[in-house]
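Written out below as structure tokens is the structure these notes cover.
The values are calculated or read from the model by the stated rules, or taken from the named source; none is laboratory data. All of these numbers come straight from a predicted model, not from anything done at the bench. Positions of Cβ are backbone-derived with ideal geometry, glycine not excepted, and every protein chain shown enters the neighbour counts. Surface areas here come from the heavy atoms of the whole protein model, side chains and all, with no ligands, DNA or RNA. Shrake-Rupley method; radii C 1.70, N 1.55, O 1.52, S 1.80 Å.
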Amino acid sequence: MSALLFLLIVLIANACLAFNRVGLKPFAITNVVLLLVYLVFVEQAFLLGVLLVLLAGIGVFLNFAPLRQKLLSGPSFGIFKKVLPTMSTTEAEALEAGTTWWEGELFTGKPEWGKLQQHPKPALSEREQAFIDGPVEELCGMLDDWTFCEEYADLPDEVLDFIHKHKFLGMIIPEEHGGLHFSAYAQTRVLTKISAVNGIAAFYIAVPNSLGPGELLMKYGTDEQRQHYLPRLADGLDLPCFGLTSPRAGSDAGAIPDTGVICESEFEGEKVLGIKLNFDKRYITLAPVATVIGLAFKMYDPDNLIGDEEELGITCALIPSHLDGIEIGRRHAPVGTPFHNGPIKGKDVFIPMSYVIGGQEMIGQGWRMLVECLSVGRCITLPSVSNSVGKNVIATTGAYTAIRRQFNSAIANFEGIQEALARIAGFSYIIESAVSVTATAIDSGEKPSVPSAILKYHCTEMARTILNDGMDINAGKAVIQGPKNYIANLYSSFPVAITVEGANILTRSLIIFGQGAIRCHPYVLQEMEAAAGDDLEQFDHALFGHIGFAISNVVRSPVLAVFGRLLPCHGDQFSKPYYAALNRYSASFAVATDIAMLTMGGSLKFREMTSARLGDLLSTLYLASMVLKHYENEGSPECEQPFVKYALDHLLHTFEQQYKRFANNMGVPGVGPMLKLIAFPVGSHRKPPADTTIKTVANSVSRPTEARERIMAGIYATKDTPAGKMGEVMAMVYEYNELGRKIRAAVKDGKITDVVGYRQINEAEEVGVLSKEEADKVRKLDDARMEFIHVDDFAYDEIGRNPLRESSWTRSGK
């Protein structure tokens with residue numbers, strides 16, 4: 001056999017070993033066998049012989065663990081411990097909080113799709129469905145967004161009583177404590193339905209069921225605390241808020257200046273051991289109406305009353321709001337929607353030790369408690385609000401494009417409108433997919449901290465884009481406030497969602513990849529734990545696992561780029577190419593992660609733009625996975641395929657663009673081109689959604705189609721709502737479309753000379769273009785159309801809380 005042919009065999013064999021991650025023993029055995037074959041059957045070639053000796057020798061050497069540890073792992077271990085970046089207590093606790101779910105598979109470069117496909121489909125129980133069909137629908141019918149926001153800046157008593165009576169505030173509380181104990185998926189459905197109807201009610205319900213005292217008590221509270229508070233929280237007898245953010249510490253929650261000093265003092269007539277609190281909190285939702293405050297503060301024990309340490313760390317306590325020294329009740333005025341939000345201050349507030357959530361043994365555990373709870377709540381509240389935005393903008397704005405005519409055509413036919421409308425629909429599909437699938441993961445026991453950050457950032461950013469596009473399409477209709485405006489309040493209030501639960505800029509640049517790289521990487525956390533425990537054997541195992549993992553991905557990425565579609569892959573005829581692309585990009589992402597950590601080391605922690613791009617890579621892979629899983633959960637309906645195609649084309653194009661930006665900014669000569677060659681050996685060819693896809697998606701949501709009904713399912717859209725009414729008018733537009741064509745043809749032929757509204761319709765009837773019955777139908781459509789084209793106007797003194805002039809004022813002063 002020729003040496004050249006055998007060299008090719010050697011390279012292919014070793015590439016196959018790396019591609020399939022077979023381990024050190026098969027690697028050694030294979031190369032020893034290849035060396036023997038070379039010596040017996042192949043014409044001798046010096047360089048080929050050297051290569052085979054090296055491969056066989058390395059394989060044999062690496063299989064002797066004691067020798068490997070002495071010569072390689074040991075020296076590497078010492079270097080690793082020196083260069084390992086320091087980690088703050090809050091960073092360490094954040095890493096330990098929650099669980100690793102599908103995002104961990106994406107870090108492997110070889111995701112096992114069977115794990116995701118075995119994940120259960122989202123489903124509501126009979127009790128949950130009855131609640132949504134009953135009390136939730138009834139509550140939505142009671143909500144008047146314009147009146148509540150512009151006139152009351154509050155919820156009326158009858159609405160509050162209804163919310164409390166039906167235990168809306170107790171969705172997460174167990175039934176044995178008087179709550180509803182709904183699934184995470186059910187909570188997303190409830191909030192999705194309510195959020196676009198009225199923001200004040202949505203936040204009033206969402207906060208007690210998210211990051212608040214209820215969840216903290218269930219997970220960490222003492223039996224006595226649970227027995228006392230949980231029934232009262234479920235019934236609304238106690239209204240909770242949670243004070244974390246301070247004027248001097250916003251996103252940097254670990255730097256809160258609020259203090260609790262352990263001391264003895266009088267409480268309810270007795271001298272007890274307790275805590276003297278001083279705090280200044282702001283942006284606290286429900287604070288103006290709260291009866292009980294969850295408070296995060298730093299605990300100190302200067303007199304060593306409970307131990308030897310003086311600085312005990314962040315602690316959480318539950319405090320009645322009526323205690324002496326507490327200032328509460330003032331309100332902030334959030335943009336757009338005046339939901340209950342305000343400051344809380346406390347000076348020398350004394351509480352007994354029993355007010356610490358979980359009791360004295362949970363002192364100093366507050367940050368871990370908060371992060372674990374946030375990892376669940378952040379997957380539900382704001383993503384559900386974003387889901388509501390997407391669905392409602394499709395319902396109203398999609399219909400509006402059919403109703404509104406300009407230049408003698410429905411604006412739904414304009415390509416500029418179609419581009420924005422398709423983006424609305426495609427992004428809405430991504431949000432719905434991410435929310436429903438991730439919520440079901442929570443119901444299966446996961447506490448996905450990294451996906452919660454992905455959903456918080458990307459769902460709210462996509463919803464912001466949806467609202468911007470919706471405002472552009474509705475144009476003048478959208479910028480005039482009043483009861484007829486169905487989008488302005490959502491648009492003006494949405495910056496709140498961008499800001500809270502971790503500002504979006506911080507979430508993207510620090511949290512998504514910053515947590516994900518360590519939590520989800522198959523080996524990095526093991527290596528760090530080995531260094532912390534000075535365990536050479538564990539480090540050796542992790543190090544060589546990591547090296548093999550990295551080599552495998554360097555092989556897998558270009559091989560899958562070239563041959564991926566030819567290899568066995570999950571999915572049907574429509575989805576299989578996308579699964580193949582995700583397999584390829586997962587390997588490329590794993591390579592990028594390892595190269596970034598290798599070349600930047602501890603400084604990667606401070607390279608925020610690099611971290612943000614890596615976070616975008618992980619996020620696009622995660623969201624694309626959720627889209628495919630949701631599509632299959634829905635039964636792979638053909639009518640949803642254009643939405644799936646738009647979503648995946650957008651996400652995968654974004655992946656390639658962000659990968660190239662990452663590679664172009666590596667800062668190490670030669671590394672960027674090498675990364676691009678590994679990821680794109682035959683070039684970067686992924687395109688954004690094509691014009692044909694855009695037109696198909698836009699037409700699907702601007703007409704009464706099955707796809708439109710499926711994608712907007714779950715919102716409040718009765719005949720009395722803008723979403724419901726506009727859907728009916730849109731259906732009339734297409735039902736009477738032939739009558740419109742008759743009129744337009746008659747105008748073109750000169751049979752009708754008037755081109756305005758009723759006059760045109762009357763003339764069409766007079767000249768016989770339309771029968772009386774047909775003309776009446778067109779008049780009915782014109783009335784309905786104009787109802788949604790008209791905007792509100794007010795008497796002069798109706799605008800402004802304290803008008804300077806009466807409504808009779810004119811420019812002449814008469």
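Could you give the length gained on full extension between Lys748 and Ala45, defined as 0.36 nm per residue of separation minus the Cα-Cα distance, in nm?
244.6 nm
In the range 130-178, what is the volume of the convex hull around the alpha carbon atoms, normalised per residue and reported in Å³?
Residue-normalised Cα hull volume stands at 82 Å³.
Considering all projection directions equally, how large on average is the shadow of the alpha-carbon convex hull of the range 91-216, in square nanometres?
Over all viewing directions, the range 91-216 projects a mean Cα-hull area of 10.9 nm².
Roll a 1.4 angstrom probe over the protein heavy atoms and tell me the percent of accessible area of the chain that is carbon or sulfur. Walk me through the intermediate numbers first.
Numbers: 19560 of 35420 Å².
Answer for the chain: carbon and sulfur cover 55 percent of the accessible area.
Just from the alpha-carbon atoms, what are the Rg and Dmax of the range 577-707 in angstroms?
Rg and Dmax of the range 577-707, Cα atoms, are 17.1, 56 Å.
What does the helix-only formula give at 222 nm for the chain: each DSSP H stretch with n ≥ 4 adding -39500 (n - 2.57), the total divided by the residues, and the result rounded to the nearest 500 deg cm²/dmol?
Mean residue ellipticity at 222 nm (helix-derived): -17500 deg cm²/dmol.
Find how much the distance from Arg710 to Met353 grows on full extension, using 0.36 nm per residue of separation minus their present alpha carbon separation; answer in nm with one decimal. Numbers along the way, then the final one.
Details: separation 357, 0.36 × 357 = 128.52 nm, distance 5.25 nm.
Taking 0.36 nm per residue and subtracting the Cα distance, the gain is 123.3 nm.
Within the chain, which whole H helices from DSSP have a Cα span along their axis of at least 15 Å and a mean Kyte-Doolittle hydropathy of -0.5 or more, if any?
Flagged H segments are 3-20, 24-41, 46-62, 184-195, 366-393, 415-443, 449-474, 536-563, 576-600, 608-633, 691-701, 722-735.
Accessible area per residue for the range 293-434 in Å², computed with a 1.4 Å probe and the full protein assembly in place, what is it?
Spelled out: the 1.4 Å probe surface of the range 293-434, per residue, equals 34 Å².
Take the alpha carbon gyration tensor of the range 173-260, find the square roots of its eigenvalues, order them as a ≥ b ≥ c, and report rounded if a/c is under 1.5; if not, report prolate when a/b exceeds b/c, else oblate.
oblate
How large is the convex hull of the C-alpha atoms of the range 515-581 per residue, in Å³?
Dividing the Cα hull volume of the range 515-581 by its residue count gives 101 Å³.
From the C-alpha gyration tensor of the range 411-511, pull out the three semi-axes of the equivalent ellipsoid (sqrt of 5λ each), sorted largest to smallest, in whole Å.
Values: eigenvalues 167, 53, 31 Å².
Working from the Cα gyration tensor, I get semi-axes of 29, 16, 12 Å.
May I ask you to list the chymotrypsin sites (Phe, Trp or Tyr not before Pro) in the range 345-447 that are in a DSSP loop and have at most 14 other Cβ atoms within 10 Å of their Cβ?
Working: sites: Phe350, Tyr355, Trp367, Tyr400, Phe407, Phe414, Phe427, Tyr429; in loops: Phe407, Phe414.
Those that pass, being in a loop and sparsely packed, are Phe407.
What do you reckon, how do Cys16, Cys149 stack up by accessible area (1.4 Å probe), largest on top?
Cys16, Cys149
So for the range 304-350, Kirkwood radius off the Cα pairs, Stokes-Einstein at 4 °C and 1.567 mPa s: how many µm² s⁻¹? Please list the in-between numbers first.
Values: Rh = 13.8 Å.
Rounded to a whole number, D works out at 94 µm²/s.
Any lysines with Cα under 24 Å of the Lys742 Cα? List them, leaving off those in the same chain fewer than 8 positions away.
Cα-Cα hits under 24 Å: Lys751, Lys772, Lys777, Lys780.
Which length gain, in nm to one decimal place, applies between Val756 and Ala503 when the Cα-Cα distance is subtracted from 0.36 nm times their residue separation?
86.1 nm
So how do Cys140, Cys263 rank on accessible area, 1.4 Å probe, biggest first, that is with the largest at the start?
Largest accessible area first, the list is Cys263, Cys140.
Under a point spin-label approximation (7 Å from Cα along Cα-to-Cβ), what is the Arg686-Glu310 distance to one decimal in nm?
So the two model labels end up 5.4 nm from each other.
Using a 1.4 Å probe and counting only protein heavy atoms, arrange Leu116, Leu67 so the residue with the most accessible area comes first.
Sorted by accessible area, descending: Leu67, Leu116.
Only one of the values (i) 82.8; (ii) 45.7; (iii) 47.8 was calculated from this structure for mean projected area of the Cα convex hull in nm²; name its label.
Of the listed options (i) 82.8; (ii) 45.7; (iii) 47.8, (ii) comes from this structure.
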